[in-house]
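The values are calculated or read from the model by the stated rules, or taken from the named source; none is laboratory data. Note that this is a predicted model, so its numbers are computed, not measured. Cβ atoms come from the backbone with ideal geometry, glycine included; neighbour counts cover every protein chain shown. Each accessible area value is taken on the protein alone, full model and side chains, heavy atoms only, with ligands, DNA and RNA left out. Shrake-Rupley method; radii C 1.70, N 1.55, O 1.52, S 1.80 Å.
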Amino acid sequence: MAKQTTDRLPDELADDAEAVARVRGDGVNQLIIDALAAESERVRADDDFSARAKILVERDREILDRLAK
């Protein structure tokens, strides 16, 4: 199932996205999906990002455990 979101883009970026999507023969929605998927893959491959994410998850777990007591 797809989740609907509303995003605000600066005018120039929105214009660029529309132009790129037209040239690709896609809609802006597909362009955004493709760009977010590529960025997600990029950060998953980034060891520094993964290390920071693990630290945040552990900190959140500690906070939630403390609040659950």
Quick check on this structure: which one of Val20, Val43 is touching a Leu at 6+ places or on another chain (Cβ under 9 Å), outside any loop (DSSP other than H, G, I, E, B) and either open to solvent by 100 Å² or more (accessible area, probe 1.4 Å) or not basic (Lys, Arg) (or both)? Val20
Pairs under 8 Å by beta carbon, first residue under 14 Å from Leu36 (Cα atoms) in the range 1-23, partner at pLDDT 95 or above and surrounded by 11 or more Cβ atoms within 10 Å (Cβ to Cβ), six or more apart or different chains? Asp7/Ile32; Ala17/Leu9; Ala17/Val28; Ala17/Leu31; Ala17/Ile32
In the range 23-40, what count of residues is obtained for those that are surrounded by fewer than 10 Cβ atoms within 10 Å (Cβ to Cβ) and outside any helix (DSSP H, G or I)? 1
In the range 1-17, the residues that are modelled with pLDDT of 95 or more, surrounded by fewer than 11 Cβ atoms within 10 Å (Cβ to Cβ) and not in a helix (DSSP H, G or I): Arg8, Pro10
